Amino acid sequence: MFGGSQTRKFILSLPDHLEYEMVIMPGNEMTKRERGGEEREEQKNKKEEGDKMGESEKEEKGDERRDGREVEERGNKDAKQARKGETCDSGGDEESAMGSSRRSSVSESSTSVEVRRRQRKRGKKGRDEAGVVQQWNLCVSSQVGCRLGCAFCETGRMGLLRSLTAGEITSQVFFAKYVLGLDVKNVVFMGMGEPLDSAVIDSVFQAIRVLTEPSGFGLPASAITVSTSGCVPGIRRVMKELPFIHLAFSIHAGHDEIRTKIMPVARRYPLSELTSAIADYLQQTKWRITLQYVLLAGVNDTVTATSMLLTFLSSLPDAKNRVHVNLIPYNPQSQPLFKTPAEEEVKRVKTALRKEGYFVKIRVEKGRDKMAACGQLGNIGLKKRMLANTPASPQSGILEDW
């Protein structure tokens, strides 16, 4: 059985000597906001629950008062009957016995009221304080490497070595559920590879169908999130074939001038096309979306870059209610090409976005020390070994990276 509650990275080796990685994160420590929810909605739900609890408590107190009045009335009635029995010569003993029996029934009635009251309290306490089974979020890979070449991403520096099959994608979930024995809550396609790349999208779609099929893994559609760097044709295929899943978009810059320098895919699909696809997705579905923004010191964290990001956000329909911005301070690669912004710079960007009414949070990265955080998955040595035609490892199977 899998133990602990820390983020873990696993390296899975393939028969052709390639390797890919998956990350397991504690699900209970992640909030609904990380699944694309809104803090506003959470607060609204809490208020509604509070109102319901207040009404419930009022009803409970009213029941207790009614029960108390009933007990008091029965007690008074029994007492009168008992006194009447004592004054009667004929059948006095019988009346006394009946009075005793009634007093006993009063006592039992009082006890049942107390029992019901305690049961109601126990029920509330159980809902609030009962132990919760540990749930986990699984970050799966769709490719060995990636051909999009994002400058801040370790996987992008590998190039595309091979796309995974639907079976290899779902095997990551199988491993987590049935080998490690974990209760998998969410599956996010945010590992190695671009899941909407034309080279792998068919395998990804088939894997999602298996994961959500009742006779397959039986995961709810809302538990699946696919993250894309902006492959517009893939986004439109999701809208047509899998509109029930969530999408997350890696933006990283609000203007093509910056975006093309750090994300080559922006040359193929500029922000104008991506904006149109996102807007269509928002209008077609009921989902909220997540926009991911890796902060690179001196590159996209400046005042000008922040202003560009605000302009981009304003072009999306109902963005203040349906867009969740994730700010991700840069996680160093094996050979860092950028610097992580200072904490005050990160907070400045967050404050600027919130001031304009957008929901934004700073993602606290877990697993950075294990090269398991956003932008750190990958092994650039694999490409060199492939070119040299040497095996990655004499061992095949599953290797855990601590």
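The values are calculated or read from the model by the stated rules, or taken from the named source; none is laboratory data. Since the structure is predicted, the reported quantities are computational estimates derived from the model, not experimental observations. Here the Cβ positions follow ideal geometry from the backbone for every residue, glycine too, while neighbour counts run over all protein chains shown. For the accessible areas, the whole protein counts, side chains as well, though only heavy atoms, and no ligand, DNA or RNA atoms are used. Shrake-Rupley method; radii C 1.70, N 1.55, O 1.52, S 1.80 Å.
General observations
- Selected residue (criterion: farthest from residue 249 (Cα to Cα)) from residues of the range 167-188 that are of a type in the set (Gly, Ala, Ser) and open to solvent by 20 Å² or more (accessible area, probe 1.4 Å): 181
- Test: residue in the range 197-213 that is assigned to a loop (DSSP other than H, G, I, E, B), of a type in the set (Asp, Glu) and touching a residue at least 40 places away in the same chain (Cβ under 8 Å): yes
- The range 313-326 residues that are more than 9 Å from residue 282 (Cα to Cα) and open to solvent by 40 Å² or more (accessible area, probe 1.4 Å), paired with ones that are basic (Lys, Arg) and in a helix (DSSP H, G or I) (beta carbon under 9 Å, 6 or more apart): 321/40
- Here residue 301 meets the list (1) open to solvent by less than 20 Å² (accessible area, probe 1.4 Å); (2) within 17 Å of residue 248 (Cβ to Cβ) almost entirely, failing just condition (2).
- Residue 163 being of a type in the set (Gly, Ala, Ser), crowded, with 17+ Cβ neighbours inside 10 Å and in contact with an Asp or Glu (Cβ under 9 Å, 6 or more places away or on another chain): yes
- Total residues in the range 236-256 satisfying the condition of being of a type in the set (D, E, K, R) and outside any helix (DSSP H, G or I): the figure is 0.
- Given (1) surrounded by fewer than 23 Cβ atoms within 10 Å (Cβ to Cβ); (2) part of a strand (DSSP E or B), number of the condition residue 147 does not satisfy: (2)
- Number of the exception - residue 190 against (1) of a type in the set (A, V, I, L, M, F, W, C); (2) modelled with pLDDT under 95; (3) out of contact with any strand residue (DSSP E or B) (no Cβ under 8 Å at 6 or more places or on another chain): (3)
- Residue list for the range 262-277, filter: surrounded by 15 or more Cβ atoms within 10 Å (Cβ to Cβ), among the small types (Gly, Ala, Ser) and either modelled with pLDDT under 95 or within 15 Å of residue 317 (Cα to Cα) (or both): 277
- Some residue of the range 356-366 being at pLDDT 95 or above, over 27 Å from residue 154 (Cβ atoms) and surrounded by fewer than 17 Cβ atoms within 10 Å (Cβ to Cβ): yes
- Residue that is farthest from the chain's Cα centre (by Cα) [pool: residues in the range 144-193 that are over 22 Å from residue 15 (Cα atoms) and among the acidic types (Asp, Glu)]: 154
Residues checked against (1) on the phi < 0 side of the Ramachandran plot; (2) touching a Pro at 6+ places or on another chain (Cβ under 7 Å); (3) not aromatic (Phe, Trp, Tyr):
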site: 277; (1), (2), (3): yes, no, yes
site: 285; (1), (2), (3): yes, yes, yes
site: 303; (1), (2), (3): yes, no, yes
site: 307; (1), (2), (3): yes, no, yes
site: 318; (1), (2), (3): no, no, yes
site: 328; (1), (2), (3): yes, no, yes
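- A Cβ distance below 6 Å, combined with a sequence gap of six or more or placement on separate chains, defines the contacts here; from the range 342-366, residues that are within 27 Å of residue 26 (Cα to Cα) reach residues that are acidic (Asp, Glu) and open to solvent by less than 50 Å² (accessible area, probe 1.4 Å) in the pairs 359/38.
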